[in-house]
Amino acid sequence: MKKLLKIAIPFVKKEALLVIFTLLLIGLVIIAPSEIPHYIRFIDWHTILMLTGLIVITTGVAESKSLRRITKRFVSKTSSERMLALKLVTLTLILSAFLTNDISLFIVVPLTLTLQTLIKNDISKLIIFEAIAANTGSALTPIGNPQNIYLFRLMKVSFTKFVQTMIPMEVILIVILLLFVLIIFSGSKQIIPFTDNSFNKNTKKENKFLFYTSIVFLFAYILTINANKIFLLYFTVIIVILYLVLFTRVIAKTDWGLIVLFCIMFIDFGIIAKFPKIYRLVQLSHIESIKNLFLLSVGSSQIMSNVPASIFITHFSKNYRIIAYGVNIGGNGFIAGSLANIIALRLSKKKIFLLFHKYSIPFLLITTGIMLAILSMFSF
């Protein structure tokens, strides 16, 4: 029993969302056994294929270790805490737009923790704003986060059209984020001597072949992301096989649990959306109103996280643009708003739960208020 607990407890901590939604599924099986034959139909397999390909490829980019060298150059010759924060936040914004929000944090947060050995400044606030930046940057592109992958598929638009759709919201998020950084971080001089050997050790482990191969795959995947399901299936299978043969470590490091979680969430919310009481409750929210739909998307993200919120709400509305605005803004605020928040705090190994909400909740309220005002003034 003790051995079982030793295995179970770390797994539950690491895969808390997977455990929660699996338990929910078990409960739904008991409540609505008649829906079991429809489970496969509830899953959006096109989205699952896109998610699988992108997670494998971006894991390859991260495992190449090349981004550590690039990151070192990016943050070198920094003279103040404010400038360091601006550089790391900007780096996180860029990485999260193309490598997904969670993978960008797996790169930037460990780097930030290494910086703690080089400077006297407390880096807790840096990690918090890296999490906010990851949510912000990932909102721009259809491959930045799981909810965008899903909503992009439903929108049936081109990659560039999706980016154009998200730009109004993205501008608001970035401007407010940079204002927060400028106000909160000190401009006092702080020399950062990059003499720590950990950077050099990481660079020696760099696999440039893996890095450039993954970058080529990433661009190829972006170009074919609007292809039909059969083509996408073949392309994804080929990519997985190539990584399995050439870079086995990447397949081992891929977050397969996230893909399983997505499948389970599709089933969970496919069942829940069919409950008459849930349907009536959502209808009471009057989501035919753009403002109400936006607020429901933001609010439900705070309760159930933005990925399941997007899956749930699309059962009731086809205004995917407004849902995308709401669930992406809703990734900030309470820690449950986005998986990226949980990842950042877990990687930090610091007790910053209250400090995180000190900044993330005001950020959520300000950005929600501004976006709501814009939605009221302009027709979307």
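I need the full set of residues from segment 23-36 which are surrounded by 15 or more Cβ atoms within 10 Å (Cβ to Cβ) and either more than 14 Å from residue 275 (Cβ to Cβ) or touching a strand residue (DSSP E or B) at 6+ places or on another chain (Cβ under 6 Å) (or both), in order please. The one that is surrounded by 15 or more Cβ atoms within 10 Å (Cβ to Cβ) and either more than 14 Å from residue 275 (Cβ to Cβ) or touching a strand residue (DSSP E or B) at 6+ places or on another chain (Cβ under 6 Å) (or both): 25.
Specify the residue that is nearest to residue 61 (Cα to Cα); the eligible residues are those in segment 224-241 that are of a type in the set (A, V, I, L, M, F, W, C), surrounded by fewer than 18 Cβ atoms within 10 Å (Cβ to Cβ) and in contact with a helix residue (DSSP H, G or I) (Cβ under 8 Å, 6 or more places away or on another chain). Ranking the qualifying residues of segment 224-241, first place goes to 240.
What do you reckon, is residue 158 at pLDDT 90 or above and not charged (D, E, K, R)? Full working, then the answer.
Numbers: at pLDDT 90 or above: yes; not charged (D, E, K, R): yes.
The answer is yes for residue 158.
Somewhere in segment 103-113, is a residue under 23 Å from the mean Cα position of the chain (by Cα), farther than 26 Å from residue 50 by Cα and either assigned to a loop (DSSP other than H, G, I, E, B) or at pLDDT 90 or above (or both)? The answer is no; no qualifying residue exists. Scanning segment 259-317 for residues that are out of contact with any Gly (no Cβ under 8 Å at 6 or more places or on another chain), of a type in the set (Gly, Ala, Ser) and part of a helix (DSSP H, G or I) turns up 270, 310.
To keep it simple, each residue is scored yes or no on (1) more than 14 Å from residue 131 (Cβ to Cβ); (2) at pLDDT 95 or above.
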| residue | (1), (2) |
| --- | --- |
| 327 | yes, yes |
| 333 | no, no |
| 336 | no, no |
| 339 | no, no |
| 344 | no, no |
| 350 | no, no |
| 354 | yes, no |
| 363 | no, yes |
| 367 | yes, yes |
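When you scan segment 250-284, how many residues do you find that are exposed (fewer than 13 other Cβ atoms within 10 Å of the Cβ) and either at pLDDT below 85 or among the acidic types (Asp, Glu) (or both)? Result for segment 250-284: 6. The residues listed here are 160, 165; of these, the one that is over 18 Å from the mean Cα position of the chain (by Cα), in a helix (DSSP H, G or I) and within 22 Å of residue 57 (Cα to Cα) is 160. Do we find a residue being within 23 Å of residue 355 (Cα to Cα), in contact with a helix residue (DSSP H, G or I) (Cβ under 9 Å, 6 or more places away or on another chain), modelled with pLDDT of 95 or more and crowded, with 24+ Cβ neighbours inside 10 Å anywhere in segment 173-180? Yes, segment 173-180 contains at least one residue that is within 23 Å of residue 355 (Cα to Cα), in contact with a helix residue (DSSP H, G or I) (Cβ under 9 Å, 6 or more places away or on another chain), modelled with pLDDT of 95 or more and crowded, with 24+ Cβ neighbours inside 10 Å. Looking at segment 137-155 only, could you name the residues that are in contact (Cβ under 8 Å) with a residue 60 or more places away in the chain and either of a type in the set (S, T, N, Q) or in a loop (DSSP other than H, G, I, E, B) (or both)? 138, 139, 142, 143, 145, 147, 148 - these are the residues of segment 137-155 that are in contact (Cβ under 8 Å) with a residue 60 or more places away in the chain and either of a type in the set (S, T, N, Q) or in a loop (DSSP other than H, G, I, E, B) (or both).
The values are calculated or read from the model by the stated rules, or taken from the named source; none is laboratory data. None of the values given here were measured: they were computed from a predicted structure. Neighbour counts run over all protein chains shown; Cβ positions are idealised from the backbone, glycine included.
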